[in-house]
Amino acid sequence: MRPVPTSIAVKLPKAAELIAERGLDQTKIEDIAEATGIPKTTLYYYFVGKEEILVFLQRDLLAEVADAVAIAVDTDGTAADRLREVMRAQLRVMAERPAVWRAFIADLGRAARLPELVEALANAYYAPVEQLLGEGGADGSLRCSEDPATTAMAIFGAATMVGLRHVLAGHDLDAERMAEQVIAFVFGGLAA
């Protein structure tokens, strides 16, 4: 894939809605050209095909998550405070880019087969959260986790599933309200 200029990159999220609704296999490059306003020949200049467009959208989304998480991790406060900010950041990205999340989930099986996306998610979210879990155990703001990798995935999963319920249903996602619910669950659990 060639480097994609910003003038084209900003139009590509419109393709996400088509992919989310129809699935990648039922979406034609002509449909993407029409939805984005990018000529088909230009799309083929930058992308081998529609699968590469989806990969571009997924990479871009994970880069945005990584940036938001990095900002949250680098804030002041205890590890627990920063972990709360990570969950808020994730849900804000979901609220800002619902169509891309829907496309990501609609074609998750294909994404899971792309090791680079799995690695990007690990670097964007799991590794920083694992770091916070370790720091939280050290600063006393979090209970020590016996398996930080699984805990990080569970936190990501909790926030993702709450956000997806709204995103997939086409409802507006109130990121702050949803984040408070996820944070309460993660930090309080279900214990009486």
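The values are calculated or read from the model by the stated rules, or taken from the named source; none is laboratory data. For clarity, every value in this text was computed on a predicted model and none was experimentally measured. No Cβ is skipped: glycine too gets one built from the backbone with ideal geometry, and neighbour counts run over all protein chains shown.
Within the range 167-187, the set of residues being part of a helix (DSSP H, G or I), within 15 Å of M94 (Cα to Cα) and touching a residue at least 40 places away in the same chain (Cβ under 8 Å) comprises V167, L168, A175, E176, M178, A179, V182.
Being more than 16 Å from K11 (Cβ to Cβ) and touching a Phe, Trp or Tyr at 6+ places or on another chain (Cβ under 6 Å): is that true of Q90 here? Against the criterion (more than 16 Å from K11 (Cβ to Cβ) and touching a Phe, Trp or Tyr at 6+ places or on another chain (Cβ under 6 Å)), Q90 does not qualify. Taking the conditions (1) within 29 Å of A89 (Cα to Cα); (2) modelled with pLDDT under 95 in turn, T27 satisfies each one other than (1).
If you go through the range 28-39 and pick out every residue that is assigned to a helix (DSSP H, G or I) and surrounded by 14 or more Cβ atoms within 10 Å (Cβ to Cβ), you end up with 7. Of all residues in the range 53-70, those satisfying the criterion of being in contact (Cβ under 8 Å) with a residue 24 or more places away in the chain and more than 13 Å from M94 (Cβ to Cβ) are I53, L54, V55, F56, L57, Q58, R59, D60, A63, A66, A70.
Let's see how each residue does on (1) within 23 Å of E119 (Cβ to Cβ); (2) of a type in the set (K, R); (3) within 23 Å of the chain's Cα centre (by Cα):
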position: L18; (1), (2), (3): no, no, yes
position: A33; (1), (2), (3): no, no, no
position: G37; (1), (2), (3): no, no, no
position: L57; (1), (2), (3): yes, no, yes
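Listed by position, the helices (runs of 4 or more DSSP H) contained in the range 41-123 that have at least 2 residues being modelled with pLDDT of 85 or more and closer than 17 Å to I29 by Cα are 50-73. Might you check whether a residue that is out of contact with any His (no Cβ under 6 Å at 6 or more places or on another chain), surrounded by fewer than 20 Cβ atoms within 10 Å (Cβ to Cβ), on the phi < 0 side of the Ramachandran plot and in a helix (DSSP H, G or I) occurs anywhere in the range 139-146? Checked against the condition, which is being out of contact with any His (no Cβ under 6 Å at 6 or more places or on another chain), surrounded by fewer than 20 Cβ atoms within 10 Å (Cβ to Cβ), on the phi < 0 side of the Ramachandran plot and in a helix (DSSP H, G or I), the range 139-146 yields at least one hit. Considering the range 1-27, and only residues there that are outside any helix (DSSP H, G or I) and among the aliphatic types (A, V, I, L, M), the residue that is surrounded by the most Cβ atoms within 10 Å (Cβ to Cβ) turns out to be L12.
Looking across the range 48-65 at every residue that is in contact with a Lys or Arg (Cβ under 8 Å, 6 or more places away or on another chain) and not acidic (D, E), the one that is surrounded by the fewest Cβ atoms within 10 Å (Cβ to Cβ) is identified as K50. When the criteria are applied in full, R84 fails the requirement of being out of contact with any helix residue (DSSP H, G or I) (no Cβ under 6 Å at 6 or more places or on another chain), within 30 Å of G134 (Cα to Cα) and touching a residue at least 12 places away in the same chain (Cβ under 8 Å).
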